[in-house]
Amino acid sequence: MTSDNPSSNKQVHEHIERLLAQTPAIEDACSLDLLVFLYRHPRTLLTNEQLATFVGYEMKVVAKSIDAFIDAGLLERTQNATHAARMYRLMLEGPTTGGLKVLLELAGNRQGRRDILEVLMSRRSSRPLGVIRSKRKLRVIA
């Protein structure tokens, strides 16, 4: 999707930024990759360990993303009392999920994923220095 034209790249990044603004639960590569996996497998019966293995991230990071998706109303999780596996169901039926569907389609190819990750990285690096420092202080105190 990205070309050698800087104005085209800027337009692509602005479009992605608008799409990401509609889905604040996507914060990093793990949350993006996990959502893409769940988009391709909207009803999945897996243990947390299996899910982390399939998307290629540590279980703790995947669990954080799953919690964010559940809080955002994007994911439903049920547990069977007789089995460790949980049913994960991606919730994309609502009227506000159109931008998320576009974003997930875009993330389904190499260049689209790369463009989204560039925008996510630029968001992280553009945070005010005071925010980063205050988080470090909290970690030291805690």
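The values are calculated or read from the model by the stated rules, or taken from the named source; none is laboratory data. Nothing here was measured: the structure is a model prediction, and the numbers come from that model. Neighbour counts run over all protein chains shown; Cβ positions are idealised from the backbone, glycine included. In case anyone asks, the SASA skips ligands and DNA or RNA and just uses the protein heavy atoms, side chains included. Shrake-Rupley method; radii C 1.70, N 1.55, O 1.52, S 1.80 Å.
The residues of region 42-53 that are within 16 Å of the chain's Cα centre (by Cα) and in contact (Cβ under 8 Å) with a residue 12 or more places away in the chain, listed by number, are 42, 51. Take the residues in region 1-40 that are surrounded by 15 or more Cβ atoms within 10 Å (Cβ to Cβ) and of a type in the set (Ser, Thr, Tyr), then tell me which one is modelled with the lowest pLDDT. For region 1-40, the residue satisfying everything is 23. Restricted to region 72-115, and to residues there that are open to solvent by 30 Å² or more (accessible area, probe 1.4 Å) and hydrophobic (A, V, I, L, M, F, W, C), the residue that is farthest from the chain's Cα centre (by Cα) is 81. So, of the residues in region 42-58 that are surrounded by 15 or more Cβ atoms within 10 Å (Cβ to Cβ) and more than 11 Å from residue 84 (Cα to Cα), which turns out to be modelled with the lowest pLDDT? Within region 42-58, the match that is modelled with the lowest pLDDT is 44.
Of the listed requirements (1) over 14 Å from the mean Cα position of the chain (by Cα); (2) on the phi > 0 side of the Ramachandran plot, residue 56 misses just one: (1).
Residue 136 - would you say it is charged (D, E, K, R), over 25 Å from residue 14 (Cβ atoms), modelled with pLDDT under 90 and over 12 Å from the mean Cα position of the chain (by Cα)? I'd like the intermediate steps shown before the answer.
Numbers: charged (D, E, K, R): yes; over 25 Å from residue 14 (Cβ atoms): yes; modelled with pLDDT under 90: yes; over 12 Å from the mean Cα position of the chain (by Cα): yes.
So residue 136 fits the description; yes.
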